[in-house]
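What follows is a single structure, written as structure tokens, with notes after it.
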Amino acid sequence: METLSFGSETERLVIRPLEKGDYESWLQGYEGRFPSRRRHDEGRLDMSVCTKEWFDELVEKHQQLAMDDTAYVFGVFLKEDHTHVGMIDFSTLVRYDFQWGRIGYALHNQHWEKGYGKEAVAEALRIAFDQLNYHRVEAHINLDNAPSIKMAESIGLEYECTRKGFIHEFGEWTDNLIYYKNAE
């Protein structure tokens with residue numbers, strides 16, 4: 001399979017697609033999670049099905065999604081020791097005259113409150129505009145997810161609106177705040 005190469009580095013982080021050699025770091029990141037600390041924190045997960053073979057297939061699936069311009073999934077790693085601290089993804093909503101995507105982000109809770117989320121998402125937006133050629137990127141945030149709202153605002157995403165009954169989650173159609181940024 002042909003591979004695509006996207007990504008970037010900051011002072012402390014490497015943001016790039018997962019590679020098959022990332023399995024141990026990726027698994028340790030998930031296995032090192034603390035119990036859930038709030039509603040939008042999955043906390044510890046059952047990783048028993050996440051074998052090396054399962055992970056290799058996941059990496060290939062992510063690569064295919066990127067080749068199809070459907071989604072781009074990035075691992076976030078500490079530059080100093082390759083610790084996996086989280087994930088960032090972009091979904092292509094519309095290309096053509098829009099060049100419009102959605103960003104999602106999640107940091108393992110053992111790495112919260114160190115500035116990694118802000119640093120990673122700000123850099124990922126540069127990847128979105130400079131490498132993935134999006135013109136507009138939106139974050140869809142639950143109304144009660146104050147840490148995500150604070151982080152989005154701190155990196156320059158602007159509140160646009162509240163979309164009612166926008167996403168089906170938690171067994172119901174939920175409202176989401178829409179934050180966005182356009183390419184400069």
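Per-residue answers, yes or no, for (1) open to solvent by less than 30 Å² (accessible area, probe 1.4 Å); (2) under 11 Å from ILE155 (Cβ atoms); (3) among the polar types (S, T, N, Q); (4) modelled with pLDDT of 95 or more:
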site	(1), (2), (3), (4)
GLY101	yes, no, no, yes
GLU119	no, yes, no, yes
ARG126	no, yes, no, yes
ASN133	no, no, yes, yes
ARG136	no, no, no, yes
**Asked** When region 66-80 is examined, which residues are found to be over 15 Å from GLU19 (Cβ atoms) and out of contact with any helix residue (DSSP H, G or I) (no Cβ under 9 Å at 6 or more places or on another chain)?
**Response** MET67, ASP68, ASP69, LYS79, GLU80
**Request:** Of all residues in region 100-122, count the ones that are assigned to a strand (DSSP E or B), under 21 Å from SER36 (Cα atoms) and small (Gly, Ala, Ser).
**Result:** 2
**Request:** For VAL73, state whether it is touching a Pro at 6+ places or on another chain (Cβ under 8 Å), part of a strand (DSSP E or B) and either surrounded by 12 or more Cβ atoms within 10 Å (Cβ to Cβ) or among the hydrophobic types (A, V, I, L, M, F, W, C) (or both).
**Result:** yes
**Message:** Taking the criterion of being in contact with a helix residue (DSSP H, G or I) (Cβ under 6 Å, 6 or more places away or on another chain) and farther than 29 Å from PHE170 by Cβ, would at least one residue in region 28-47 satisfy it?
**Reply:** no
**Prompt:** Out of the residues in region 82-99 that are modelled with pLDDT under 95 and in a strand (DSSP E or B), which is least open to solvent (accessible area, probe 1.4 Å)?
**Reply:** VAL94
**Item:** Single condition GLY43 does not satisfy, out of (1) small (Gly, Ala, Ser); (2) outside any loop (DSSP other than H, G, I, E, B); (3) surrounded by fewer than 19 Cβ atoms within 10 Å (Cβ to Cβ); (4) more than 14 Å from the chain's Cα centre (by Cα)
**Value:** (2)
**Message:** surrounded by fewer than 18 Cβ atoms within 10 Å (Cβ to Cβ) and over 30 Å from THR83 (Cβ atoms): is that true of GLU153 in this structure?
**Reply:** no
**Residue pairs meeting the criteria (Cβ under 8 Å; at least 6 apart or on separate chains; first under 16 Å from LEU65 (Cβ atoms), in region 89-101; second of a type in the set (Asp, Glu))** = THR92/ASP69; LEU93/GLU138; ARG95/ASP69; GLY101/GLU138
**Message:** Suppose we keep only residues that are farther than 14 Å from LEU107 by Cβ and exposed (fewer than 12 other Cβ atoms within 10 Å of the Cβ) within region 23-40. Which one would you say is farthest from the chain's Cα centre (by Cα)?
**Reply:** PRO35
**Request:** Sort through LYS79, LYS20 and tell me the only one that's open to solvent by 80 Å² or more (accessible area, probe 1.4 Å), of a type in the set (Lys, Arg) and closer than 21 Å to LYS118 by Cβ.
**Result:** LYS79
**Asked** Can you name the residue in region 147-184 that is over 15 Å from LEU125 (Cβ atoms) and part of a loop (DSSP other than H, G, I, E, B) and, of all such residues, is modelled with the highest pLDDT?
**Response** GLY171
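The values are calculated or read from the model by the stated rules, or taken from the named source; none is laboratory data. Keep in mind that this is a model prediction, so the values were computed, not measured. Ideal geometry is used to build each Cβ from the backbone, glycine not excepted, and the neighbour counts take in all protein chains shown. Protein only, heavy atoms only, side chains kept; ligands, DNA and RNA dropped before computing areas. Shrake-Rupley method; radii C 1.70, N 1.55, O 1.52, S 1.80 Å.
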